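The values are calculated or read from the model by the stated rules, or taken from the named source; none is laboratory data. Computed from a prediction, not measured in an experiment: that's the story for all the values here. Positions of Cβ are generated from backbone atoms using ideal geometry, with glycine treated the same way; all protein chains shown enter the neighbour counts.
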Amino acid sequence: MTPRHYSPFIALPLLVLLLPLFVDAQFTSLELAASPAHPRPGEAVTIRAQGAGAESALLSWRVNGSLVSTATGEKEITLTAGGLGSVTRVSAIGAGVQANTELLLIPSETELIWHAHSYIPPLYRGKALPAADGLISVTALPRIFDRSGTERKAETLIYTWSRAGVVLGQQSGRGKKTLTTPGPKFGDSLTISVAIHSADQQAQGGASVDIDAVEPKLLVYENNPRLGLRFERALPTSYVLENHEVTLSAYPYFISADSRNADKLLFSWNLNGQEATPSAEKSSLVLRQTGTAGGSASLSLTVQNLREILQGARSEIQIIFGTAQ
């Protein structure tokens, strides 16, 4: 029988197949992301390492060059942002990392100031709030710094506005720090956000605000011949007529109009179910008491925005008469 000969190299392919089983898990890229992306001074910030294999890698975290943590699978750390415009350098180093893994934290502040294009009476100390679909204006007041700690001027920054998550390209751009847009729907809330950066991308910031729609109100005030409009107290649901004649003036709140007598506002006065004729101003009504008999009358008033069907309000008052002096 002819003897069989075996090559000593026949095991080589087996070794090649088994080699990957003994190589440590590595990754070739690593990115750092901050949450929130644009922290305020003193705000807690979470820095997260993202990349294939980050969960099982040995990572060394450094803040401003000082080692703060070394552990396997520790893919995030939490720290406190510094002062306004300060620079904090955060880095994560792991085996096999080839990408730049440094992240700069530069706290900024952006305040969003908004108001609705709605009517409020004179001397009203509150804010003009939006009724359904009413226009609102939002202005950004940024304090944003670059890597050198230099504050960038607001008019040189680029503003990207978003409404309910949708970018408003035509209203975004360099120096466009004010946005005017339709407000929230009836019974809804609207999120307006802005992302801000310098042309060289060295300074960044942003902010967002939630704005709720409100129902318009309609209040009635006594226009006293001696004291003028009694804005300090609206008429209650029951009103005693103390003089033979009184002028009642209606004022809507938060309805989309420049004035209470705007053409698009329709006022309807009714006394005991019958239409009552207003004075020269459609938002005012003169009541006169004839005779001396006492009694009461039901006064109702509505206002409707003829251009915004969801913007309207109603007021009802019981008039008590017969006590006039």
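Report yes if K185 is within 15 Å of the chain's Cα centre (by Cα) and modelled with pLDDT under 95, otherwise no.
So K185 passes the test.
S162 is checked against (1) in contact with a His (Cβ under 6 Å, 6 or more places away or on another chain); (2) modelled with pLDDT of 95 or more; (3) not charged (D, E, K, R) and fails just one. What number does that condition carry?
Tallying (1) in contact with a His (Cβ under 6 Å, 6 or more places away or on another chain); (2) modelled with pLDDT of 95 or more; (3) not charged (D, E, K, R), S162 fails exactly one: (1).
Tell me, yes or no, whether segment 125-138 has at least one residue that is over 23 Å from P182 (Cα atoms) and either assigned by TED's automatic domain parsing to the domain that holds I192 or in a loop (DSSP other than H, G, I, E, B) (or both).
Yes.
Checking the condition under 24 Å from T181 (Cβ atoms), among the polar types (S, T, N, Q) and under 39 Å from the mean Cα position of the chain (by Cα), which residue from S208, S249 passes?
So the residue among S208, S249 that is under 24 Å from T181 (Cβ atoms), among the polar types (S, T, N, Q) and under 39 Å from the mean Cα position of the chain (by Cα) is S208.
Can you find, within segment 136-146, the residue that is farthest from G228 (Cα to Cα) among those that are in contact with a strand residue (DSSP E or B) (Cβ under 6 Å, 6 or more places away or on another chain) and surrounded by fewer than 19 Cβ atoms within 10 Å (Cβ to Cβ)?
Checking each candidate, the answer is R143.
Among the residues of segment 165-183, count how many are without any contact (Cβ under 8 Å) to a residue 60 or more places away in the chain, surrounded by 13 or more Cβ atoms within 10 Å (Cβ to Cβ) and assigned to a loop (DSSP other than H, G, I, E, B).
4
Only one of these is closer than 25 Å to A81 by Cβ and out of contact with any strand residue (DSSP E or B) (no Cβ under 6 Å at 6 or more places or on another chain): K127, K185, K153, K177. Name it.
K153
Give segment 242-285 a look and list any residue that's surrounded by fewer than 19 Cβ atoms within 10 Å (Cβ to Cβ) and over 18 Å from V303 (Cβ atoms), or say none.
E242, N243, H244, E245, N272, G273, Q274 - these are the residues of segment 242-285 that are surrounded by fewer than 19 Cβ atoms within 10 Å (Cβ to Cβ) and over 18 Å from V303 (Cβ atoms).
Is it the case that segment 61-69 has a residue that's of a type in the set (D, E, K, R), at pLDDT 90 or above, part of a strand (DSSP E or B) and under 36 Å from the mean Cα position of the chain (by Cα)?
Yes, segment 61-69 has at least one match.
Hey, among A52, A71, A81, A44, which residue is out of contact with any helix residue (DSSP H, G or I) (no Cβ under 8 Å at 6 or more places or on another chain) and surrounded by 15 or more Cβ atoms within 10 Å (Cβ to Cβ)?
After applying the criteria, what remains is A81.
Could you please find all residues in segment 130-162 being touching a Gly at 6+ places or on another chain (Cβ under 9 Å) and farther than 22 Å from S108 by Cβ?
P130, A131, A132, D133, G134, L135, I136
Considering only segment 201-241, give the strands (runs of 3 or more DSSP E) lying wholly within it that have at least 3 residues that are in contact with a Leu (Cβ under 9 Å, 6 or more places away or on another chain) and either touching a residue at least 40 places away in the same chain (Cβ under 8 Å) or closer than 24 Å to S256 by Cα (or both).
204-212, 217-224
Do any residues in segment 120-135 that are buried (at least 17 other Cβ atoms within 10 Å of the Cβ) have Cβ atoms under 6 Å from those of residues that are at pLDDT below 90 and assigned to a loop (DSSP other than H, G, I, E, B), where the two are at least six apart or on different chains, and which pairs are they?
What qualifies is A132/F186.
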